[in-house]
1. Does segment 135-146 contain at least one residue that is closer than 19 Å to R98 by Cα and assigned to a strand (DSSP E or B)?
2. With the condition kept exactly as written, say whether any residue in segment 34-46 is touching a helix residue (DSSP H, G or I) at 6+ places or on another chain (Cβ under 7 Å), outside the structural domain of Q123 (by TED's automatic domain parsing) and either under 30 Å from A139 (Cβ atoms) or not aromatic (F, W, Y) (or both).
3. Return yes when A58 is among the aliphatic types (A, V, I, L, M), at pLDDT below 90 and under 27 Å from Q166 (Cα atoms) and no when it is not.
4. Hey, can you tell me all the residues within segment 15-72 that are among the small types (G, A, S), surrounded by 10 or more Cβ atoms within 10 Å (Cβ to Cβ) and over 26 Å from the mean Cα position of the chain (by Cα)?
Amino acid sequence: MGNLQTARKRFTLVLGILGVINLVLLVYLLWPGASVSSRAAEEQGLQQQHAALNREVAPLRGIDKKLLQTRADITTLNRERIPGQFSQISQEVEKLVRETGVNSEAIHYDPDKSDKGGLPGIQRIGIDTTINGEYAKVARFINALEQDKLFFVINQIALNSHEGGQVSLQIKFETFLKQTGQTGGA
């Protein structure tokens with residue numbers, strides 16, 4: 001009987017161990033994320049996240065070369081399209097008035113003295129005037145202003161018609177001037 005008791009104890013012990021192993025395997029199978037389909041769904045989600053991050057980062061690829069090109073473009077802009085003397089601005093505006101055949105009333109120049117939001121070494125110059133002439137000539141003046149070698153930005157236009165095909169154009173625009181001691185480098 002001693003052997004039977006020992007065999008019974010061993011059988012109970014083995015049965016208990018197998019029950020615990022069975023319970024662990026059952027928990028593993030029912031655990032969320034343990035199935036093949038949930039792992040595949042998780043992998044697909046990670047691939048979508050990876051693709052989204054790649055699209056988000058794509059504009060930053062080669063940023064060092066883009067920055068160098070931007071610096072070169074700024075230097076060219078400062079050298080070729082931003083005057084160093086105030087007289088260059090007034091001469092250019094008067095030349096455009098003359099070449100397009102319009103008449104201009106007093107031209108008011110308003111240098112921006114504030115530093116807020118400005119570019120380093122560059123001063124904003126506001127210009128306000130009224131242009132009179134035939135509609136075609138006034139349109140040519142605006143076109144010439146936009147395409148001029150100096151950098152002009154039109155902010156506001158108010159067009160009034162007069163008798164005999166003549167129009168009056170109230171125009172506000174701005175340009176920029178290198179501040180004293182600036183050479184145009186970036």
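1. no
2. For segment 34-46, residues touching a helix residue (DSSP H, G or I) at 6+ places or on another chain (Cβ under 7 Å), outside the structural domain of Q123 (by TED's automatic domain parsing) and either under 30 Å from A139 (Cβ atoms) or not aromatic (F, W, Y) (or both): present.
3. no
4. The answer is G16, G19, A34, S35, S38, A40, A41, G45.
Conditions (1) touching a strand residue (DSSP E or B) at 6+ places or on another chain (Cβ under 6 Å); (2) under 14 Å from F176 (Cα atoms); (3) assigned by TED's automatic domain parsing to the domain that holds A158, marked per residue:
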site	(1), (2), (3)
H50	no, no, no
L53	no, no, no
K65	no, no, no
I74	no, yes, no
K95	no, no, yes
A106	no, no, yes
I142	no, no, yes
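The values are calculated or read from the model by the stated rules, or taken from the named source; none is laboratory data. Remember, it's a predicted structure, so these values are computed and weren't measured experimentally. Neighbour counts are summed over all protein chains in view; Cβ atoms, including those assigned to glycine, are modelled from backbone coordinates with ideal geometry.
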